[in-house]
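The values are calculated or read from the model by the stated rules, or taken from the named source; none is laboratory data. Keep in mind that what you see is a predicted model, and the values were worked out from it rather than measured. Because the Cβ atoms are built from the backbone with ideal geometry, glycine has one as well, and the counts that use them run over all protein chains shown.
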Amino acid sequence: MSVVLLDPRFPAMLPVEAVPLLGADIAYTEEVPVRVRWVIADLGGHTVDEAEVLVTTDLANELVQYRLDHGDTLIKAPSLLVAMEPDREIEAPGAASAPEIPVSGAGYVDGEIVGTDEHTVAVAGLRRTSRTEIPASVMDELEDAVALMTRALRQGEWEQAQTHHSLLAYLREETEELAEVIDAPGDLDEQELCRELSDILLQVLFHAEIANRRGSFDIGHVAGAFVAKMRSRAPYLFEEVERPVSREEQDRLWAEGRAREGKEPYKPSHPAPTAEPDSEPAEPAEPSSPLSTADEVIRTARARGYKDADIPTELRFPMLGLENDAPGDAARRLTKAVGQFRRQLAEDSSAAEQ
């Protein structure tokens, strides 16, 4: 017998290991949303008063506690793992010594359609607020990020001097660093991934605030543009009842959405991304080898006046230590060294410009 505990913030997020159990008789505690029961019904589940599988969002429910006390297996939604297993939480720098900061709100973000304005329609399509499943703590963090970016451009001379074009070098650099973390051998470093994603978010906020300063659009319009695009290209995300969507249907709807937007529909060779760029897909480029990228960055450094003594030895002599490497180690080591030296070149260039 099993208790399936869903996250009250994201009740439609079903644990993968619970899916095989949801095709027979299912019992629910009273607070489980009807739309979640519909999703489970689509998986073959039949609602009954008592069953071997109990679905709930309330761990404190008396029936839930009774069943767990009598040996039921608890299956948790993925989003609850950190909350219920704090040792898995990603620590912020200085978290041990930082004072606890209270946050506003204690529930969910609720609202209703409030209409739109001509500018929003022109930039992003319909802007609206509707009930979401975003916890208030997440909204607090996002509001802090937007407020900090706004203040940075009010106070910082360097920030005020930036343009969309001048920020491109930083965006490319941050994207490369994110790729390095994801491509690194071994287990994914979750905390480092979180930090690198925050650098990407900084770039998005920065560009949006620059546009806001000239009265063009703000971060809300950027989010609205994303929602408008998904409404056109992934309309199943706006249906009343959640349902599984096949790869074929996703590809078809994405192509139809592009056609409505005046773009040529095409059949992608992989699942459509959640926010596909507006540009037409480019021809796939030949992948660069680590040796060719090392050669490229060496040429760039020499063109900028760097002496060979200033260029890392592992770039100029990448074969050193090869006899001690396992398969693939040399390529990974060289790729990492290239990324580090590129960052040094970018930092030196930025310092020279200031």
#### Entry: Residue tally, condition modelled with pLDDT under 85 and surrounded by fewer than 17 Cβ atoms within 10 Å (Cβ to Cβ), over region 53-78
1
### Task
Read through the list (1) farther than 19 Å from Glu240 by Cα; (2) without any contact (Cβ under 8 Å) to a residue 12 or more places away in the chain; (3) β-branched (Val, Ile, Thr), then give the number of the only condition that Val34 fails.
(1)
### Val82 being surrounded by 11 or more Cβ atoms within 10 Å (Cβ to Cβ), assigned by TED's automatic domain parsing to the domain that holds Thr57, modelled with pLDDT under 90 and not aromatic (Phe, Trp, Tyr)
yes
### Task
From the list Glu209, Glu249, Glu256, Glu296, pick out the single residue that is at pLDDT 80 or above and assigned by TED's automatic domain parsing to the domain that holds Leu315.
Glu296
### Query
Name the residues in region 232-242 that are modelled with pLDDT under 90 and touching a Phe, Trp or Tyr at 6+ places or on another chain (Cβ under 7 Å), would you?
Val241
### Task
Examine region 304-324 for a residue that is modelled with pLDDT under 60 and among the acidic types (Asp, Glu), and state whether such a residue exists.
yes
#### Entry: strands (runs of 3 or more DSSP E) wholly inside region 1-57 containing at least 2 residues that are touching a Phe, Trp or Tyr at 6+ places or on another chain (Cβ under 8 Å) and under 25 Å from His70 (Cα atoms)
53-56
